[in-house]
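Notes for the one structure printed next.
Only the coordinates and a few stated rules stand behind these numbers; no lab work does. Model, not experiment: these values are computed from the prediction. Virtual Cβ from ideal backbone geometry, glycine too; neighbours counted across all protein chains shown.
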Amino acid sequence: MSTAADGAALFELPDELAIDTDIARRVIDEFIRAQLGQAGFERALVGLSGGVDSALVAYLVAEAIGPERLLCLLMPYRTSAPASVADAREVVRRLGCASELIEITPIVDGFFGHDGEPGAAGPEGLTASSVRRGNFMARIRMAVLYDRSVTWSGLVVGTGNKTESLIGYTTIFGDAACAFNPIGDLYKSQVRQLGQAIGVPEAIIRKAPSADLWPGQTDETEAGFSYPVLDRLLYWMIDRRRSTDELVAMGFAAPLVGRVERMVAGSEFKRQVPPVAKLGPRTTGIDYLYPRRRPGSARR
């Protein structure tokens, strides 16, 4: 259990997931600079939600390239929690980076409709589920980020963690889209640990993770899991390659193991580049493969 400055519990950190935060910061800082350099960019953009993942990424980018080269976009919807915007503004204030607030409400309501008036999706859009709306919002936010990346002349930095990626708790071409991802190999518990080490506000680290899809929504309540337990299970399942029987013998509930295994397998398509039907002698993504650092790939 990690504690805050006042001695109160800040978050739960399973022993096997504890990392050397100094080494992690050095590796990630070099990674950020290398990715930008290989692509020929000097600036970056982060979509700042007010949660710990995007806050940590903003801190890491500012540390790696300087806050003057970072632009944070705050993109609330009309039902977004006011506290989310307030927390995001506090991150911007502490970092001293550029920021913009872009309301996505007109875009989302223009598609689904509002107050009984149909939008571009037609009458059926008025009854769209919260999940469908949430996925649309995630893709709209990424569209805004990529549009703004043109005028900022920067790369869009990903903010998804390893836990979300493995269980598929992401929106393909939404929050899962980015030029590169500095925290994609950190479990949620490790994100909190690194966030505490780098100075992310404790209020952000402590609060319950939420996609902010509707008032009061939290990841753990909606999905029915605890992040520390899920992180431990994924660590032993993925990183340490334990079998189902071994995981159950370690004390993980069999129904939870089975459910998580299905979630990991069922979301594999989200983690891979779309397959290509091979017709020619050399096909991109199959046998025409080059690293991003290929000579001449950087912009001039």
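Odds and ends about this structure:
- Each label point was placed 7 Å from the Cα along the Cα-to-Cβ direction; for Phe31 and Tyr290 their separation is 2.5 nm.
- Across the stretch 32-39, rounded Karplus estimates of 3J(HN,Hα) from the backbone phi angles (6.51 cos²θ - 1.76 cosθ + 1.60, θ = phi - 60°) give 4, 5, 5, 5, 5, x, 5, 8 Hz, Gly and Pro being marked x.
- Dipole of the stretch 2-220 [Lys/Arg +1, Asp/Glu -1 at C-beta], most positive-end residue of Ile204, Ser80, Ser2: Ser80
- Phi angles across the stretch 70-83 convert, under the Karplus curve 6.51 cos²θ - 1.76 cosθ + 1.60 with θ = phi - 60°, into 3J(HN,Hα) values of 10, 10, 9, 9, 9, 10, x, 9, 4, 9, 5, 5, x, 5 Hz, Gly and Pro given as x.
- Note on the stretch 242-285: Rg/Rh from Cα positions, Kirkwood definition for Rh, rounded to two decimals, is 1.30.
- When the square roots of the Cα gyration tensor eigenvalues are ordered a ≥ b ≥ c, the ratio a/c for the stretch 120-177 is 1.5 or more and a/b does not exceed b/c, which makes its shape oblate.
- Taken along the Cα-to-beta-carbon direction at a fixed 7 Å, the label points for Glu100 and Ala253 span 4.6 nm.
- Magnitude of the charge dipole, the stretch 53-144, Cβ model with Lys/Arg +1 and Asp/Glu -1, debye to 20: 160
- Here, the stretch 2-220 has an Rg and a Dmax of 17.4, 54 Å when only alpha carbons are counted.
- Computed from backbone phi with θ = phi - 60° and the Karplus coefficients 6.51, -1.76 and 1.60, the 3J(HN,Hα) list for the stretch 282-288 is 9, 10, 4, x, 10, 10, 10 Hz; x is used for glycine and proline.
- Placing dummy labels 7 Å off each Cα toward the beta-carbon, the span from Thr127 to Gln272 is 3.7 nm.
- Annotation: amide H of Val156 within the under-5 Å range of Leu45, Ala179, sequence separation 5 or more or interchain, hydrogens built in the peptide plane.
- Volume per residue that the Cα convex hull of the stretch 76-115 spans, once the total is divided by residue count, Å³: 57
- For the stretch 2-220, a crude dipole built from +1 on the beta carbon of Lys and Arg and -1 on the beta carbon of Asp and Glu, taken about the Cα centre, is about 380 debye to the nearest 20.
- Aspartates and glutamates whose Cα lies under 18 Å from that of Lys270, excluding same-chain neighbours fewer than 8 positions away: Glu164, Asp175, Asp185, Glu261
- The dipole here belongs to the stretch 96-219: it is taken about the Cα centre, uses +1 on the Cβ of Lys and Arg and -1 on the Cβ of Asp and Glu, and is about 440 debye.
- For Ala176, the amide hydrogen comes within under 5 Å of the amide hydrogens of Thr171, counting only partners 5 or more places away or on other chains and with H modelled in the peptide plane.
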